[in-house]
Structure formats: structure tokens, C-alpha cells
Amino acid sequence: MKKLFIASLAAAVAFTMVGCKGTNEKRGDEHLKEGRYRNAINSYLEAKKKGSMSDEFYDNFTLALVRAAETEAKKDLNSDLINGYFDKVSVNMAEVQNAEVIQEYVTTLANIGKMQAAQEGMDYGTIVNAFAKIDTALATAKAKGAGEAAVKAIRTEAENAYVAKNLSEAVGESDPVVSEYQIMKIAEMAPENADVKAALNKSRKGTRGYFLIFGEQIGEPVSRRVDKWGYVMAMPTLKIAPGSLSAELQFWASTGNNTELDPSKIKLVSTTGEEVFAKGNSGWCEAEVLVGKKGQEKIEKKKQSFKGKGKLMNEFQCSVNVSFSYAKSFVPDYIEYKDEFGIGRKYLGQ
């Protein structure tokens, strides 16, 4: 009798741990099996609302959402419902246990992102969101240990297709500033692509002396992912030798602030992240000054020399002569200036 009681108790505990399926979850499972994904989702939502769920619930609920998104994408690749389904999956992903379910989710999400990125005539925001789907899939695959290799392959395919479709036109732009902006847009999506890196480095070497003030020349809304520096810099003169770099470094500010230019904050960063700070603290800054005879005064923009610190005015220029010394193994990548109001970078190109 005692053995029978213990056996019954063990069975009851096991049953509790597995969890029983309520009517709504069973109905959801049937809809899922028959491919009625939206009906399955509704049934699973009802089951979740009532709190009657088995250990399989989140796996099957996720499958219903993923397959509903895939079905919707076949009808309308840009449907808002797709994002809605995947948003629900991300909320529940911590509870998903089945590796096959995780793999189906990440590969489906990545493939839809790849297809969205390959569309003709899409605005840049749509392209960014498409690649964001692939990157979300990759991050999830890494975290959950399922599907990572498949998603990496999908991202490579998406990158290569995007580069092949857009890079030659970007490189062929006659205006060097417009060309660099278009290449930088591509680099945001395919930062490790060898052709993009080569094109960007070549462009940066050619635009060392330019202010990259994209908003004045692009002819389209400027993406803040690309045009992200409050301080824009140019180097009308530059000399690079083994172990040293010297230049006239000019600043244009779009931070909305009038502040001091402190040359001691200018640093040179190598391709491996090493840093050296600038020597030199003399130059000039533009300012508005009152000129003319009394009663006939007018405001003009004038260059005023400084030694120590200059005055950097919003949408005005400053220039400072700087030099850097470093080990011969140091490969210069970009010059950076950062203060409490903004940050600027000028990439040199290799």
C-alpha cells in the first residue's frame, strides 16, 4: 500500500511539472498543425490570459507567430503585421526551449530582413530596419546557441547583394562629398565588406581637405546614422611621416553652442585604437566684428588669431596647427575632438 501511494505521488508530481494543456492551448495546437496561424495565435493568447499553459506553450506559440509572419511576408513584404508578430516573439523568447524552434525563428527573421533589403526603390530607413532584423536574429542565435551559422550566411548574402547593387554608383558620383556620403551609407550595412572598405579609404584620402557638410550637398534627407558629428573637420595641409603627423586642422561647428576650442583635447587614434594627443595651441577662429565708420557700421566675419584656446562659434570656422608623435608601428586612422557639447572625427583613409 505504501509503495502504491509513493508511485501515485511521483506520477502526480511529474504531471504537475510537465503542466497540463487547457482547452485554448489544445485548440491553438490544432490550428498550428493545420496551418491556421492567426487562429492559433488567438487561442494561445486566450490560454496565456487564463494562465493555463503547458511546458510546450511558448515553443508552439512562437512557431505560430513566426509562421504567421512568414505567411504575411509572402503576401506583403512590408506589412506592419510582420513586425508585430516578431515583436511578440521577442517578448517570449526567454521562455523558448526547443532549439529547432529558435532556429526556425532566427532564420525566418533573417530571411525576411534579407528580402526587404533587396527591394528596389526603398528609402534608407527601410534598408536600416531590414538589416536590423538580420542583426537581431544573429544576436538571438548567439545568445541561444542555435542557428548562428545559418544567420551569418544570410547576412553575408544580404550584404553582398546590397553592395553589388549600390557601390559602383556611389563611387561614380562626381562630387567627392556626395560620393563619400553614399559609400558611408553602404558601410553602415556592410562594415566588413572588403570592397566597401577599399572604396571608403580611397574616398577619405581624397577628401582630407574637405568639410563633409552633407546637408548642403546631398539633395536628400541626411541620415543621422551617417552624419553624426557636431564638429566637422578638414585638413587643407597634411604631412604624414613614419612616427609623426602634422597638419592644419580646421573646424566647423554645428553643435548650436558657442564654446572654446581647446587644442589639448585633439587626439589621433590608430587603426588598433591607440591614442596620442596633439601638440600645438595656435591658430585662428572666425568671429563677427563691427567694422566701418560711426553711423555706418556693419558686421563682418573676421579671422582672429589665438594662442592657447580659441573661440569656436556655431557655424563658424577655427583653424589650429597640430602635430602628433607616435611609434612607427602606429597607423593613423582618425583625428577626434570631443568636449561637453559635441564630438567630431576626421578619418584619414589608408
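Quick notes
- Hey, GLY310 over 24 Å from GLU216 (Cα atoms) and modelled with pLDDT of 95 or more or not: no
- Residues in segment 226-247 that are open to solvent by 40 Å² or more (accessible area, probe 1.4 Å) and either in a loop (DSSP other than H, G, I, E, B) or hydroxyl-bearing (Ser, Thr, Tyr) (or both): LYS228, TRP229, THR237, PRO242, SER244, SER246.
- Every residue from segment 93-117 that is of a type in the set (Gly, Ala, Ser) and at pLDDT below 95: ALA94
- The strands (runs of 3 or more DSSP E) falling completely within segment 293-349 that include 3 or more residues that are open to solvent by 60 Å² or more (accessible area, probe 1.4 Å) map to 298-307.
- With respect to (1) free of Cβ contacts under 8 Å to residues at least 60 places away in the same chain; (2) open to solvent by less than 10 Å² (accessible area, probe 1.4 Å), the lone exception for ALA117 is condition (1).
- Filtered residues of segment 263-279 (kept if of a type outside the set (S, T, N, Q) and either in contact with a Leu (Cβ under 9 Å, 6 or more places away or on another chain) or open to solvent by 70 Å² or more (accessible area, probe 1.4 Å) (or both)): PRO263, LYS265, ILE266, LEU268, GLU274, GLU275, VAL276, PHE277, ALA278, LYS279
- LYS294 passes every criterion in (1) of a type in the set (D, E, K, R); (2) touching a Ser or Thr at 6+ places or on another chain (Cβ under 9 Å); (3) free of Cβ contacts under 8 Å to residues at least 60 places away in the same chain apart from (2).
- Scan of segment 194-218 for residues that are free of Cβ contacts under 8 Å to residues at least 12 places away in the same chain, open to solvent by 70 Å² or more (accessible area, probe 1.4 Å) and either within 16 Å of GLY344 (Cα to Cα) or not charged (D, E, K, R) (or both), ordered by number: ALA194
- Restricting segment 172-193 to residues that are of a type in the set (Asp, Glu) and more than 24 Å from GLY342 (Cβ to Cβ), the residue that is surrounded by the fewest Cβ atoms within 10 Å (Cβ to Cβ): GLU192
- Residue check for VAL322: in contact with a strand residue (DSSP E or B) (Cβ under 6 Å, 6 or more places away or on another chain) and free of Cβ contacts under 8 Å to residues at least 24 places away in the same chain: no
- Selection count where residues are in a strand (DSSP E or B) and open to solvent by 20 Å² or more (accessible area, probe 1.4 Å), scope segment 248-262: 4
- The set of residues from segment 17-59 being over 23 Å from ILE82 (Cα atoms), open to solvent by 90 Å² or more (accessible area, probe 1.4 Å) and part of a loop (DSSP other than H, G, I, E, B) comprises ASP55, GLU56.
- Residue within segment 259-273 that is over 17 Å from PRO236 (Cβ atoms), within 24 Å of the chain's Cα centre (by Cα) and without any contact (Cβ under 8 Å) to a residue 60 or more places away in the chain present: yes
The values are calculated or read from the model by the stated rules, or taken from the named source; none is laboratory data. These figures come from a predicted structure and were not determined experimentally. Virtual Cβ from ideal backbone geometry, glycine too; neighbours counted across all protein chains shown. Quick note on the areas: whole protein, heavy atoms, side chains included, nothing else; ligands and nucleic acids left out. Shrake-Rupley method; radii C 1.70, N 1.55, O 1.52, S 1.80 Å.
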